[in-house]
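What follows is a single structure, written as structure tokens, with notes after it.
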């Protein structure tokens, strides 16, 4: 994987529901659709009462910022103890080495996830390319 440089200076906008998606629409590929090259960004739509698989970002070194756009849930990081609320108006930052799971509430949750590795050029994972998603 190599870092991508975009040279366009034109602003871009897109409706979240029109983004290319993976996993039956759960992950929306915002970064590649908007041509963002400096950091990772996706939108995750979790259905009601859903729990993701646990993962960490040790291999990529990425910090991840979670921002609920609608609905509610939590980010569970076992080593921190209590789950952190994931709801509009709150930000949750998880360091790379911490395993985390996302849980949605009774109505589901739409989450903006922003990631980047401090002090490093952003290198997008291949799975985040819209072409790879069958766009």
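The values are calculated or read from the model by the stated rules, or taken from the named source; none is laboratory data. Note that the structure is a prediction, hence the values are computed from the model and not measured. In this analysis, Cβ positions are derived from the backbone assuming ideal geometry, glycine residues included, and neighbour counts consider all displayed protein chains.
Before moving on, here are some points about what is shown:
- Long-range neighbours under 7 Å by Cβ, at least six apart or interchain, first residue touching a residue at least 60 places away in the same chain (Cβ under 8 Å) within segment 34-58, second loosely packed, with under 13 Cβ neighbours inside 10 Å and part of a loop (DSSP other than H, G, I, E, B): 37/5; 37/6; 45/25
- If you filter segment 1-20 down to residues that are under 19 Å from residue 127 (Cβ atoms) and touching a helix residue (DSSP H, G or I) at 6+ places or on another chain (Cβ under 7 Å), you find that the one that is modelled with the lowest pLDDT is 1.
- Selection status of residue 59, outside any helix (DSSP H, G or I), at negative phi, out of contact with any helix residue (DSSP H, G or I) (no Cβ under 7 Å at 6 or more places or on another chain) and at pLDDT 95 or above: no
- Taking (1) in contact with a strand residue (DSSP E or B) (Cβ under 6 Å, 6 or more places away or on another chain); (2) surrounded by 19 or more Cβ atoms within 10 Å (Cβ to Cβ); (3) not in a strand (DSSP E or B) in turn, residue 48 satisfies each apart from (2).
- Residues located in segment 31-45, provided they are modelled with pLDDT under 95, over 16 Å from residue 94 (Cβ atoms) and touching a strand residue (DSSP E or B) at 6+ places or on another chain (Cβ under 6 Å): 31
- Scanning segment 18-45 for residues that are more than 13 Å from the chain's Cα centre (by Cα) and in a helix (DSSP H, G or I) yields 18, 33, 34.
Condition check ((1) in contact (Cβ under 8 Å) with a residue 40 or more places away in the chain; (2) in contact with a strand residue (DSSP E or B) (Cβ under 8 Å, 6 or more places away or on another chain); (3) under 22 Å from residue 36 (Cα atoms); (4) not in a strand (DSSP E or B)) across all residues:
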{"site": "64", "(1), (2), (3), (4)": "yes, yes, yes, no"}
{"site": "67", "(1), (2), (3), (4)": "yes, yes, yes, no"}
{"site": "70", "(1), (2), (3), (4)": "yes, yes, no, no"}
{"site": "85", "(1), (2), (3), (4)": "no, yes, no, no"}
{"site": "97", "(1), (2), (3), (4)": "yes, no, no, yes"}
{"site": "103", "(1), (2), (3), (4)": "yes, yes, no, no"}
{"site": "110", "(1), (2), (3), (4)": "yes, yes, yes, no"}
{"site": "115", "(1), (2), (3), (4)": "yes, yes, yes, no"}
{"site": "122", "(1), (2), (3), (4)": "yes, yes, yes, yes"}
